[in-house]
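Just below is one structure, and these are the notes that go with it.
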Ligand SMILES: [Zn+2]
Ligand SMILES: [Zn+2]
Ligand SMILES: [Zn+2]
C-alpha cells in the first residue's frame with residue numbers, strides 16, 4: 001500500500017492495510033532492539049519509532065490484537081495479516097511502533113541498537129547513541145557482572161526534599177525466582193515509591209537490583225509516617241507474597257539511629273568543610289554563602 005510521509009507525520013500501515021497508523025515525524029528513531037523476545041516475535045530484530053501513546057493515531061484498531069509478551073509489556077499485531085505493529089508498556093505512556101510499517105525510503109539510519117548482547121551472531125550491530133535510564137537498567141539486569149564475592153547491578157535514589165534527620169531507616173531485600181518475578185517486584189517498587197513521595201515524613205529511598213535480588217534503604221522522619229506509607233500499595237504487595245507463589249525469599253527491618261553524625265558541606269569560596277547540621281547558610285571561616293544543605297539521606 002502507498003503511504004506518503006510528510007514533514008509533520010509519518011504514515012504507515014500493516015501488510016494487508018486494515019491497520020493504519022500516523023505518528024509525529026519527530027519521533028525518536030530508528031531504534032533497533034535485538035532482545036530474545038523481539039527475535040521470537042519479529043522473526044529477527046525489532047526496528048521501532050518511540051513516541052507518546054497520545055501522539056500515535058491508529059485506524060482499524062478493531063483488527064489489532066494485543067499479546068502480553070512479558071509482565072510489563074504487550075505487543076500488538078494485525079489479526080488478519082499478522083504484521084507486528086507495536087510494543088507498549090502495560091503501565092506507561094510510551095509506545096514503540098514498528099519502523100517496517102512506514103515508507104521504506106525514510107531518510108533514517110539506526111540511532112541505537114539495544115540488547116546487542118542477545119543478538120544472533122549473524123547480525124552486526126554496534127551499540128550507538130546515548131542510553132536512557134531505562135536502557136541502562138535493562139542492560140544492568142540483562143547481563144549480571146561481578147566476581148565470586150561481589151555482584152554489580154543498578155541503583156536509583158528518589159528523594160522528597162525533606163531535610164529532617166531520619167528517625168527510622170528501613171532496610172529490606174527481596175529475591176525473585178526468575179526474571180519475570182524480578183519485573184513484577186520492580187513494578188511493585190515503582191508504585192511504592194509513588195506512595196512514599198506522597199507522605200510528608202518520607203525522606204528518601206535508595207533502591208536497586210543485583211541479579212535477582214532487590215534492595216531498599218528508606219529513610220523516614222519517624223515511624224508513624226513510614227507506617228502510613230506502607231499501609232498503601234506496599235500492604236497489597238505483601239499480601240501477594242503470602243497468598244501466592246511469588247518471590248524466593250524476602251527480609252524486612254526497621255532501624256533507629258544510635259548516633260547521627262554531623263553533616264559536612266565544603267565552602268565553595270574558601271574550601272572549609274562546614275558542619276551544617278543546624279542549617280546555617282554562611283561559611284564560619286569566610287562568611288560566603290554556603291551551598292544548599294543536602295538531605296540526611
Ligand atoms: Zn494487516
Ligand atoms: Zn526487544
Ligand atoms: Zn568559606
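Per-structure values
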read-out: Structure-based [θ]222 nm, the chain - -39500 (n - 2.57) summed over DSSP H runs of at least 4, per residue, nearest 500; value: -5500 deg cm²/dmol
read-out: Within a Gaussian network of the chain (alpha carbon springs, distance under 10 Å), most fluctuating of 193, 254, 265; value: 265
read-out: Between helix 179-197 and the chain: long-axis angle, C-alpha atoms, 0 to 90°, nearest 10; value: 50
read-out: Extension gain, residue 15 back to residue 53 (0.36 nm per residue minus Cα-Cα distance, nm); value: 11.5 nm
read-out: Calculated SAXS-style log₁₀ I(q)/I(0) at q = 0.07, 0.08, 0.09 Å⁻¹ - the chain, Debye, Cα scatterers; value: -0.40, -0.51, -0.63
read-out: Rough spin-label spacing in nm, given labels placed 7 Å along Cα→Cβ, for residue 190 and residue 275; value: 4.4
read-out: Chain lengthening between residue 152 and residue 171 when straightened (0.36 nm per residue, less Cα-Cα); value: 5.0 nm
read-out: Relative contact order of segment 9-130, defined on C-alpha pairs under 8 angstrom at six or more residues apart (%); value: 29
read-out: Angle in degrees between helix 233-243 and the longest Cα principal axis of the chain, rounded to the nearest 10; value: 70
read-out: Mean Cα-pair separation over length for the chain, i.e. relative contact order, pairs under 8 Å, 6 or more apart, %; value: 14
read-out: Net length gained if the chain between residue 122 and residue 293 were fully extended (0.36 nm per residue, minus Cα distance); value: 56.2 nm
read-out: Using alpha carbons only: equivalent-ellipsoid semi-axes of segment 153-272, gyration tensor based, whole Å; value: 29, 17, 13
read-out: 220, 115 arranged by Cβ crowding within 10 Å, fewest neighbours leading; value: 115, 220
read-out: For segment 145-255: relative contact order, % (alpha-carbon pairs under 8 angstrom, 6 or more apart); value: 40
read-out: Choice from 249, 70, 204 showing the highest fluctuation, given a GNM over the chain with Cα pairs closer than 10 Å; value: 249
read-out: Degrees, to the nearest 10: 133-142 long Cα axis against longest axis of the chain; value: 90
read-out: Kirkwood Rh in Å, taken over all unlike Cα pairs in segment 150-203; value: 13.3
read-out: Highest-MSF residue in the chain out of 64, 169, 145 [GNM, Cα springs under 10 Å]; value: 145
read-out: Cβ-based exposure ranking for 58, 122, in which fewest neighbours within 10 Å come first; value: 122, 58
read-out: Computed E for residue 164/residue 249 - FRET, C-beta separation, R0 41 angstrom, nearest 0.05; value: 0.80
read-out: Ranking of 267, 286, 38 by count of other Cβ atoms within 10 Å, fewest first; value: 286, 267, 38
read-out: For q = 0.10 Å⁻¹, Debye-computed log10 I/I(0) when each Cα of segment 9-130 counts as one equal scatterer; value: -0.28
read-out: 13 Å cut-off, amide nitrogen to a point 7 angstrom out along residue 286 Cα→Cβ, residues in segment 236-278; value: 266-274
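Just so you know, all these numbers are worked out from the coordinates, no wet-lab data involved. Small disclaimer: the values here were computed from a predicted structure and weren't measured. All Cβ positions, glycine included, derive from the backbone under ideal geometry; neighbour counts span all protein chains shown.
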